[in-house]
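See below for the structure under consideration.
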Amino acid sequence: MLVLRSAALFILAAFFEIGGAWLVWQGVRGDAANSSRNWIWIGAGVIALGVYGFVATLQPDGQFGRVLAAYGGVFVAGSIVWGMVADGFRPDRWDITGALVCLAGMAVIVYGPRGH
């Protein structure tokens with residue numbers, strides 16, 4: 001149950017961080033950059049990034065370095081998925097292999113057996 005909670009929090013954190021970064025990107029570089037909506041996109045992105053920071057603190061493991069290092073693997077894989085859904089990005093086998101390697105590293109960092 002603890003692993004499921006942790007995994008759900010990693011996915012939720014990824015949604016807010018990647019989504020926030022994507023909103024800022026759209027506000028600065030995307031179609032919204034040429035309209036008056038760009039500050040709304042950027043503001044929403046900044047808020048989402050703040051929510052990400054809060055969600056990350058809810059992880060059962062209280063070690064900041066471990067949680068953020070492991071989250072890096074989730075971020076890599078989540079960014080590829082986000083790009084596929086939001087921007088029509090088509091990853092090649094190297095993108096997918098790299099993301100799987102990152103997720104494996106994440107699992108070792110967070111869910112590896114510890115002697116305490």
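Rule-based calculations on the coordinates, nothing more; no lab input. On a predicted model such as this, the values are computed, not experimentally measured, just so you know. Every residue, glycine among them, receives a Cβ derived from its backbone with ideal geometry; neighbour counts consider all protein chains shown.
List of remarks:
- Length-normalised contact order for segment 2-111 - Cα pairs under 8 Å, 6+ apart - percent: 28
- Dipole of the chain, positive end: most advanced residue of Trp25, Val108, Met84 [Cβ charges, Cα centre]: Val108
- Taking Lys and Arg as +1 and Asp and Glu as -1, the other residues whose beta-carbon sits under 14 Å from that of Leu9 total 0.
- Computed about its Cα centre, the charge dipole of segment 2-111 is approximately 60 debye, with only Lys, Arg, Asp and Glu carrying charge at their Cβ.
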